[in-house]
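What follows is calculated from the coordinates using simple rules that are stated; it is not laboratory data. Predicted model, so just to flag it, every value in this text is computed and none were measured. FYI the Cβ positions are ideal-geometry reconstructions off the backbone, even for glycines, and counts take in every protein chain you see.
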Amino acid sequence: MKVQIVGRHFEVSDKMRSHIEKEAEKLEKFFDRIIDCQVLVGAEKRMRTVEVLVNVHAHTLKATRSGSSVYQALEEAMDRVKVQLKKHHNKLRERRGGGIKKAAGAAV
């Protein structure tokens, strides 16, 4: 997965860049067919904004969070994207037939 990190009115340090890349790599646990991930870090007065865009086949998942710390906003945005990825993965599974859960429910 390709990870692109962009700073808007904000300089992204090497430490922060490595932390963002590490967090983005964790997203593949929830959905393995991620095409790329863009993380936009911005600064407005005292607020830090993090926007995470994840591209999967035919869909773009987006989460934006703000906070006093970039790390706090990043964690919240990544948590939100994880929920969206799980939901997307489950929708695809249900569309394909559901597998074991559907068969087990009918047998009981």
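Listed highest first by mean packing, meaning other Cβ atoms within 10 Å per residue, what order do 10-22, 78-90 come in? Walk me through the numbers on the way to the answer.
Numbers: 10-22: 13.1, 78-90: 16.2.
Sorting 10-22, 78-90 by mean packing, highest first, produces 78-90, 10-22.
Label region 2-107 by shape, choosing from rounded, prolate and oblate, from the square roots a ≥ b ≥ c of the eigenvalues of the Cα gyration tensor; if a/c is under 1.5 it is rounded, and otherwise prolate applies when a/b is larger than b/c, oblate when it is not.
Details: a/c = 3.00, a/b = 2.54, b/c = 1.18.
Taking the square roots of the gyration eigenvalues as a ≥ b ≥ c, region 2-107 is prolate.
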Expressed as a whole-number percentage, the relative contact order of the chain with C-alpha contacts under 8 angstrom and at least six residues apart is 21 percent
